[in-house]
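What follows is one structure encoded as structure tokens, with my remarks underneath.
The values are calculated or read from the model by the stated rules, or taken from the named source; none is laboratory data. Keep in mind it's a predicted model, so treat the numbers as computed, not measured. All Cβ positions, glycine included, derive from the backbone under ideal geometry; neighbour counts span all protein chains shown.
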Amino acid sequence: MSGRKVFFERLELDRLFRFYGRMVAAGEWRDYALDALPDRALFSVYRRTSEAPLYQIEKRPEDARRQGAYSVRAVDGRILRRGHDLERVLDVLAPRRMRVVGD
């Protein structure tokens, strides 16, 4: 295998960092890590730096035709969402606003 690695592109990073910034502002996340591996790129988010990542947003180009290149994994390894559109995949992590329903 060659020394090639998978990276997030500029637009993908822009979306990831905008979403990350909103989650930091909401007090949900405090740190992140980027990894470029031979088969995938990872954006891991942490509540505390010393812990395992809460979530990993993954880009796997080899899965792009089938279920989509993007996925979100929980700390226990479960895939929460997969898809072709990064924005829609990230929606699974968006905090839901609570509202009171009238009587």
Confirm whether Glu62 is more than 8 Å from the chain's Cα centre (by Cα) and outside any loop (DSSP other than H, G, I, E, B). yes
Step by step: first the residues of the stretch 61-103, then only those that are among the basic types (Lys, Arg) and exposed (fewer than 14 other Cβ atoms within 10 Å of the Cβ), then the one that is modelled with the lowest pLDDT. Which residue is that? Arg99
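This table checks each residue for (1) more than 15 Å from Val92 (Cβ to Cβ); (2) of a type in the set (A, V, I, L, M).
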position: Phe19; (1), (2): no, no
position: Val24; (1), (2): yes, yes
position: Trp29; (1), (2): no, no
position: Phe43; (1), (2): no, no
position: Glu51; (1), (2): yes, no
position: Glu62; (1), (2): yes, no
position: Tyr70; (1), (2): no, no
Among the candidates Arg4, Arg22, Arg40, residue that is over 12 Å from the mean Cα position of the chain (by Cα) and closer than 22 Å to Arg78 by Cβ: Arg40
Would you tally the residues in the stretch 14-51 being surrounded by 18 or more Cβ atoms within 10 Å (Cβ to Cβ), of a type in the set (A, V, I, L, M) and in a helix (DSSP H, G or I)? 2
